[in-house]
Every structure is written in structure tokens, then in C-alpha cells.
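Presented below is the structure to which this report refers.
The values are calculated or read from the model by the stated rules, or taken from the named source; none is laboratory data. This is a predicted model, so every value here is computed, not measured. Because the Cβ atoms are built from the backbone with ideal geometry, glycine has one as well, and the counts that use them run over all protein chains shown.
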Number of protein chains: 2
Amino acid sequence: MAEEKKLVESITSMEEDFAQWYTDVVRKAELVDYSNVKGCMVIKPAGYAIWENIQKELDRRFKETGVENVYMPMLIPESLLQKEKDHVEGFAPEVAWVTHGGLEPLQERMCIRPTSETLFCDFYANDIQSYRDLPRLYNQWCSVMRWEKTTRPFLRSREFLWQEGHTAHATEEEAEARTEQMLHLYADFCEEVLAMPVIRGRKTDKEKFAGANATYTIEALMHDGKALQSGTSHNFGDGFAKAFEIQYTDKDNKLQYVHQTSWGMTTRLIGAIIMVHGDDSGLVLPPRIAPVQVMVIPIQQKKEGVLEKAYELRDRLKAFRSGTAEAGAMAMAGSGFRVKVDDTDKSPGWKFSEQEMRGIPVRVEIGPKDIANGQCVIVRRDTREKLVVSLEELEEKLVEVLETMQSEMLERARKHQQAHTYTAATYKEFQDIAEHKPGFIKAMWCGDAACEEKIKEDTTCTSRCMPFAQEEIAETCICCGKKAKTMVVWGKAY
Amino acid sequence: MAEEKKLVESITSMEEDFAQWYTDVVRKAELVDYSNVKGCMVIKPAGYAIWENIQKELDRRFKETGVENVYMPMLIPESLLQKEKDHVEGFAPEVAWVTHGGLEPLQERMCIRPTSETLFCDFYANDIQSYRDLPRLYNQWCSVMRWEKTTRPFLRSREFLWQEGHTAHATEEEAEARTEQMLHLYADFCEEVLAMPVIRGRKTDKEKFAGANATYTIEALMHDGKALQSGTSHNFGDGFAKAFEIQYTDKDNKLQYVHQTSWGMTTRLIGAIIMVHGDDSGLVLPPRIAPVQVMVIPIQQKKEGVLEKAYELRDRLKAFRSGTAEAGAMAMAGSGFRVKVDDTDKSPGWKFSEQEMRGIPVRVEIGPKDIANGQCVIVRRDTREKLVVSLEELEEKLVEVLETMQSEMLERARKHQQAHTYTAATYKEFQDIAEHKPGFIKAMWCGDAACEEKIKEDTTCTSRCMPFAQEEIAETCICCGKKAKTMVVWGKAY
């Protein structure tokens, strides 16, 4: 077992150093590699395949609500970026500037999109003429660039992959409804597919998106008690429409401004999966998102018939079609298990460690004795629970094990979040929790930015959101003691 | 019929001005829009949906051959771009340079990737250590930027979408086999899915990719007789490996250089589809790639039951699962027809024109009389052939019509290509054809770059490729009269 030990030992334990544990996992699970382009990462096959599954499922959910995909240019002329005042202030300090095309300097410099509101608005200004053209429900999958100083793979990098939806509506109400609809779509996706519970709420003015009237967010709690903003949805009202003159003629032939939204999710979600579900043996992937759900590991594979049996099981599992909807959702595309055989010349123990490091939800061990007994061993990644299963029942048992694992992972993460969500009624309590207990803190707030700022200075906690599900913890603001307006969830964030 | 006429009249006829016809189609079929970013286009939903189908099917075919997807940074530091001599000479004059990040100038400027050989090589240099790591079969889907002076939507734009495969192999033979395998995969895709016949061959040294030992290409003939390079596959030998020191230890523990390939297809394919299949009423999409295969158009839709029947047919067609493999391939994902109902308040005639303009392969007309008779009318986009079909047999007939249309479109394009492929035995003949007969010209060549250059100067024809399927047209070079080495296909190209 010396080899396996080496592989496992090479991860720092979470307890010892969570940040180092994270870095070890992203490297050892072969999700990313550092590149020679500072602040940018190489997403390797195991990491990109997770992103492909996220894309596939989110895209399907988007399209069910009428969203269509488009593609906008990756460059934004400086004058276009400057059209909306708040927006340019928010982004100009962190964009990459293109100044030369080929051998010649550009007449006007352009930035690589940090986000594409300005491009969509510029497009909509011509594209939308009449109420018949509304709503416009467009989305794009692309990469964006923000010139961050300190970076970490998936969590904060100069370039990252994402989707950005940009919609235009006839009325304020429709825009608001779409903003909330997309936030709930994101939240449901996180909970149903990534087994990651989130708090749904609204950002304070201080934390909202540059140029938005309202920003809604989903906030997840990582294993170390830090918060991760996991998706946002913005209602722009008609602010961008006025800056870009996006007008339509309504049914009474009057000119009206459109109301707009935007919403996005990024490769940061992969970081969230790692930090919500991972353990000291590496990554743990929820079955629904796992690119490989089942790894078949032959034991004594040189013995006659063992490899053949492993391949036979793989082919059976690939071809399996369950009649139940649950199994369909499990397989994401309703098209059999995602399964591989590890037929390399490494030892079984080494293969077990690798399967664990990579977070593959289930392994199937099959050796000569198992074959003789018409059985195999199923091992769950999260609990390590072993199950001896008759080969005849393999598909049925796997569906059961993967479904159970998926729901138990969500349940476990939910319990962890609940156990690390605290309530503070006094500022002393708040400071105490902030200092000693990593997690979310619920506390009342007067709505004043000065208090928000003071809390941040005193405790490094930022307001994560004003949850939709409000509670009345106290009548007065935790900070200034004036009448409280709303309950805020606070936390230290990535 | 006044309205429909207006819509149709707004396209220039191919005969009158092919370039203008092309521009009209891309705009009127709502595939792209111009943007305020010079040389860059906005790909609208109807255009992007074609690209999504191209991606889905190509990606499936790639993965069947063992390819895995990854993502590399979009920026290349100047020193990295310069590592391979031929490569930098080929690309440096046409890249966009980033010189500032946020408010500060960069220590080293970086270009937006025009292609990612240098990034993959830089990555492989660390990633590949042992023969166990080979082959590496990586691909990425992304956008790239080349600072072109004159641009046309899909055909030549500063930014375009593509995939770029980059593989590393232990031996020269393996690299060559992969290079050819991918070229044939591209060719088969064009023929089977896009109904577009191509000539498979090798580029001359003058036309090959900057840094490659050999470039293979597929060349298609557009309706106007011009050639379009539609996909390329490059064998780099160990040139890049030596420049980037990509070495592995073989089974005898000796250090060896890897052998590499790269291969790419782009959004240019959408331009090819337009120019191979389009007609004076607009776009014509091959059924297998069409985002919408069937448009149901209700007649007298305000009459009771008409719209309901239209929706019922749509739902039936969506839910249809054929038992035959052919129908599965037709539906791309084996998941029913891609079908919509046009329930807008426009007139049926206007809807017919729009369906034709957008190239939707088949429309189903259904009105009160049809419903009373238990039938509907199917109209094929390419031939306008009308078929009265009993509603009971609709699915069956549609499969038949779409299959026939797909194969007849390929056949028609093949005949057009054959009818516009000429053979020249003398230079006089060559010049005559080049001047008067748009198309491919087959002629013998000595292999001397000077002759290739002279032919280009005299006739504006470039060597498209040296086809795998060689013919011996004459014994001597068409240009210099020396002994011929190979038959070349020449043409005027986009």
C-alpha cells in the first residue's frame, strides 16, 4: 500500500490548512494546471468535463424558459464601455486594454469584455423597434477577463468561463419577474444538481452590480465556513436603456424605454463543488454532475476473463436505460451511466486512491472470486460504504446508490450550513461569532451604508445578502441601534 | 401577396450580384448583425443555433475517437508566440495586442490568441513526461482573433468561433495517422451532415500552415464557382516539440521528442452552407443541421381548432421517436423532430416567405379544410414540392421527405461541383478557363513554387490542394513544361 499512501499523503488535510488543501485537490484531481499567463489557468479534461455538464444542464433549463443563445464580440471600444456611468466606474479599473491591431496602433483602444452589458445594449438599440420584438431573451457562453491582482483557480482568475444572460422587456414588472425567475433557476440547479444548498436573497446597494437597480444572489457556505457568491441576477430597470437609447413603440404607437436584466454563472461553481463536498482524500462529485459516475476497477486483471468482465459491465452500464424519471435526471441526458474501466497497469489500491482523489461517485470492484460468485463490490465515494451486489442486480443497485448519494450529499451540506449559521442580537455577540465561529451570521440592519462599512472594518464580514426568507431577530440595527429595516446574512467571503 | 413580395424582393438575386445576395441572406435570415466593433459580428439566435448543432455533432465525433476537451488562456505572452520561428512570422502581423491591465502597463505585451499552438506546447512541455502520458488528444472550443483588413460575416472576420484540436504522439506514424483521420472526419461531417461535397487533399508548401510539416485540407465549391477552404489538419512533426522542448521518456528510458498535430473548423462553415445550398428565396438548410426542421404554419388560424391542431402536431412531432437509425441521425440526437409553430399574427403568405428565407427544410400547412379531411400539406424548401399527407402518416412521411431532401441536396451540390470542375492540359486552356469558367481547375504541376506564384499572378487562381485522389492529366507542368510531379486543383478562393 506504499504507493497509495504516497498519493494520499500528498494532500494537505483540510484541518491543517484549508487553502492548501484546496490547491492540492485542484492539482491532484487534475482539474486545472497553472499556465505561464499570470492569473490565467489551464482547465484540464477532468475539470472541463464538469464545466461541460454544468453547461449542458443549465443551457437546457435556460432554453425551457425561452432563452436563445447568441454571440457578441469579445472587444468593447472604450467609448462604448463609458456610456453607462456606474458601469464604467465599476469595471474600467480592472479590464485588459487592446491598443494595437497587427502592426498598427488602434484609433480607439478596446477592452476585452469583463461582461457584455454594453455590447448587448448597443445591439438592442438597433435590434429592438416594436413591442413585437419583446421580450428579447438572449444568453451567451464565453470567457471574460478581469485584471485581478490575486488569483486562485476557479475562484478568482483573470480569465474565466461563464454564461451571461441579457434580456429586454416591455415593462418593469416583466423585468423584475425574469430577474427573480433566473435567480431561482440558479438556486434550483445548485440544489438539485450540485447538491449545494444556497441562500437566496438581495444584495445591499453597496454590494450590487455596477449599473443595476437590484442584484439578487445565491450564497453558499463552503466547508471552511466562508461564503461563496455562486450566481447573480440583476434588474437594470431602464437605466441602461436610457444611456443607450433602447426604445420601442408600444401598441399605442408611443416610444417607451425597455427594462433589462442580466444574470450569470461561472466556472467558480467548480470551486464551490470542491469546497462544499471535498474531503481529505480529495474531490467528491455529486453523481448528477460527475463526468464519470462509475469507475470499474478490475482486481487481478491479468487473470483470464477479468478484464473482459470489466468491459462487459462497462458496456452494460453504458447501454442501460432506466424507465424511471429519477434515473433519467441522474444520467443528466437519460442516456445510461457515465462509466469507465481503469485498465492501466497500476495496482488496485493505487486505482482506488485515484478514483477517490478524482471524486468519482462510485467504484465497482470486480475480481476472479467475484466473477465466480456472480457478484461485485460497490463502494460509495462519500461514505466509503461497501456493498456486495449480485451482477444481475448491478444497474438497479447503482441507480439506488447514486440517488441516495446525491440526496445525502445535499442533506449533509445543508446540515453543515445550518450548523454554521449563527444569530447575533447584539454587536458584541456579532463580533464574538465573527472572530471565533466561521459561518453565516444573521443580524438586523438599519439599511445605512455606514453601518455596513463599519461592520466590515471591525469584523471583515461583508453583507452576503438580505434573504427572501426574512426573520425578525431584533427590532434594532446590530451596529447603530437605530430601527432595523431588514435581516442581513453576513459572512467572510471568497 | 404584397407583403411577401416585399420580403422576397429585398434579396438581390444570385445571378445579379452574388456577393450582395450573400450579404442579404445573412441579414434577412437573421443569422448575424454587424456590430460597432469593426470587423466583428454579432451572431444572432438563428445563426448561433446552426453553430450549436455543428458543435454538438463534431464534438460527438471527436469524442468517439478519444478526444477530450480542455481550455487554455486566451492571451499569449509575446515571448511565447516567438518560440517557433515560422509560426510567429505567420501570425505576428495579424494579432491584437494587449498592452495594459487595469490602469497599469504590462511588463510584457500579450496577444489575443490567433490560434493556440504555442499555449498547448507550453502546457505539454510540463504535462508530458513519460510514454504513459501519450497520446494526448486535446481539443478546445473558443474564439480567436486575427486582425483582418477586409471582412465578411462568417467568411473572414477579426473574431471567429472555432475548435482547435492539438495532439501529441510518441511516433511520427501516429501523428500522421491522426492528421489524416481528423481530415477525413471533417470531410465525412461535411458530406453526411452539411450535404456539402469536398475535395480532400494536401496543401502545397506555399499554402500550408505556419510551422507545419504538412497541411491537409478539404475544399468545397460555392455556388458562384469560388473555392472555400472548409477545414484543415496539420502535421507538425517534431518542430514545435523541439522549439518548446516537449520530451518524454520512452520504454527504454530514453528521452524522445513528441510528434504533434493540430486541426480546426470554424464558423466559416455557416458561410459555406449558405453559399452551397442557398437560392434566390434565401437560405436552404440541410435537415440534419437545421435548428428548426419543420415549421407548422396554421391557415386561417383564428378559426376554431386550427391553432390547437397546429400545437398538437408540433407536440406529436417533438415526441416522435423513430426505430430506425437513419431517423436518429436525421434528428441528430435521436430525439424527435425539431419543430415550431408560427402562430404570429402575420399572413400565411408572409410566414411561407419567412420560412423560406430562413431555410427551414419543411413547412407543414394546416387549415380548417385540411383538418376536416384529416390531412395537411408538406412543402419542401429546396424543390418546393408539395405533398398532401394524411395526418396519421405525418411522422413517417416527414422522415421520408427530410431524408430525401438531405441526400438530394448532397447530390445536387456534387453535380454542381462536377459540372464546374475543369481539366486543363495547356496553359492557354488554363488561362481560358480561369477567365471564363468559375470553378475548380485540375492541372499538372512540377512542384516549383515559382510556377505556383506565376499562375497566381496571371490568373488569380491559387492552388487549393493536391488531392489524395490523383489523376495523370499530362506528363508536364502546366506552367513551365518541366516534368510534372502532381495534379493540383486550382481555384479562386474566399
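A few remarks follow.
- If you go through segment B:126-138 and keep only what is crowded, with 16+ Cβ neighbours inside 10 Å and facing chain A (nearest Cβ under 9 Å), you end up with B:Asp127, B:Tyr138.
- Here is the figure for segment B:267-300: residues that are of a type in the set (Ser, Thr, Tyr) and surrounded by fewer than 24 Cβ atoms within 10 Å (Cβ to Cβ) total 1.
- Test: A:Val399 is touching a strand residue (DSSP E or B) at 6+ places or on another chain (Cβ under 6 Å) and over 30 Å from A:Ile455 (Cα atoms): no
- Index of the failed condition, A:Leu255 passing every other in (1) touching a Leu at 6+ places or on another chain (Cβ under 7 Å); (2) free of Cβ contacts under 8 Å to residues at least 60 places away in the same chain: (1)
- Residue within segment B:266-283 that is without any contact (Cβ under 8 Å) to a residue 12 or more places away in the chain, part of a strand (DSSP E or B) and under 30 Å from B:Ala177 (Cα atoms) present: no
- Yes/no for A:Ala29 being modelled with pLDDT of 95 or more, facing chain B (nearest Cβ under 9 Å) and within 23 Å of the chain's Cα centre (by Cα): no
- B:Leu119 vs. criteria under 23 Å from B:Tyr71 (Cα atoms), touching a residue at least 12 places away in the same chain (Cβ under 8 Å), more than 12 Å from every other protein chain (Cβ to nearest Cβ) and not in a strand (DSSP E or B): no
- Residue match in segment A:180-187 (condition: touching a helix residue (DSSP H, G or I) at 6+ places or on another chain (Cβ under 6 Å), at pLDDT 95 or above and in the same structural domain as A:Lys83 (by TED's automatic domain parsing)): yes
- Single condition B:Cys446 does not satisfy, out of (1) in contact with a Phe, Trp or Tyr (Cβ under 8 Å, 6 or more places away or on another chain); (2) within 15 Å of B:Asp205 (Cβ to Cβ); (3) without any contact (Cβ under 8 Å) to a residue 60 or more places away in the chain: (1)
- Only one of the numbered conditions (1) crowded, with 20+ Cβ neighbours inside 10 Å; (2) more than 7 Å from chain A (Cβ to nearest Cβ); (3) within 16 Å of the chain's Cα centre (by Cα) is not met by B:Tyr48, and that is (2).
- Segment B:287-307: number of residues that are under 16 Å from B:Ala372 (Cβ atoms) and part of a loop (DSSP other than H, G, I, E, B): 6
- Among the residues listed as B:Lys351, B:Lys437, B:Lys386, B:Lys397, the single one being assigned by TED's automatic domain parsing to the domain that holds B:Ala310 and either under 26 Å from the mean Cα position of the chain (by Cα) or touching a residue at least 40 places away in the same chain (Cβ under 8 Å) (or both): B:Lys351
- For segment B:68-101, filtered to residues that are touching a Phe, Trp or Tyr at 6+ places or on another chain (Cβ under 7 Å) and assigned to a loop (DSSP other than H, G, I, E, B), the residue that is farthest from the other protein chains (Cβ to nearest Cβ) is B:Glu84.
- So B:Arg156, is it buried (at least 19 other Cβ atoms within 10 Å of the Cβ) and either of a type in the set (D, E, K, R) or more than 10 Å from every other protein chain (Cβ to nearest Cβ) (or both): no
For every residue, the table says whether it meets (1) closer than 30 Å to B:Leu185 by Cα; (2) assigned by TED's automatic domain parsing to the domain that holds B:Arg156; (3) at pLDDT below 95.
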| site | (1), (2), (3) |
| --- | --- |
| B:Asp86 | yes, yes, yes |
| B:Pro93 | no, yes, yes |
| B:Met110 | no, yes, no |
| B:Pro114 | yes, yes, no |
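- Conditions (1) of a type in the set (S, T, N, Q); (2) buried (at least 18 other Cβ atoms within 10 Å of the Cβ); (3) in contact with a helix residue (DSSP H, G or I) (Cβ under 9 Å, 6 or more places away or on another chain); number of the one not met by B:Asn53: (3)
- Filter result (among the polar types (S, T, N, Q) and within 12 Å of chain A (Cβ to nearest Cβ)) within segment B:58-67: none
- Scope segment A:196-229; condition assigned to a loop (DSSP other than H, G, I, E, B) and either of a type in the set (S, T, N, Q) or modelled with pLDDT of 95 or more (or both); matching residues: A:Met196, A:Pro197, A:Val198, A:Lys203, A:Thr204, A:Asn213, A:Met222, A:His223, A:Asp224, A:Gly225, A:Lys226
- A:Val37 meets the conditions (1) facing chain B (nearest Cβ under 8 Å); (2) over 23 Å from the mean Cα position of the chain (by Cα); (3) over 18 Å from A:Ser157 (Cα atoms) in every case but one. The failed one is (3).
So that you can scan it fast, the table gives a plain yes or no per residue for (1) away from every other protein chain (no Cβ under 12 Å); (2) closer than 28 Å to A:Glu68 by Cβ; (3) without any contact (Cβ under 8 Å) to a residue 40 or more places away in the chain; (4) assigned to a strand (DSSP E or B):
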| position | (1), (2), (3), (4) |
| --- | --- |
| A:Gln140 | no, yes, no, yes |
| A:Trp147 | no, no, no, no |
| A:Ala177 | yes, yes, yes, no |
| A:Met182 | yes, yes, no, no |
| A:Leu185 | yes, yes, no, no |
| A:Cys190 | yes, yes, no, no |
| A:Leu194 | yes, yes, no, no |
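- Picking from residues in segment A:458-493 that are assigned to a loop (DSSP other than H, G, I, E, B) and surrounded by 18 or more Cβ atoms within 10 Å (Cβ to Cβ), the one that is nearest to the chain's Cα centre (by Cα) is A:Lys492.
- Residue within segment A:193-211 that is under 11 Å from the mean Cα position of the chain (by Cα) and surrounded by fewer than 24 Cβ atoms within 10 Å (Cβ to Cβ) present: yes
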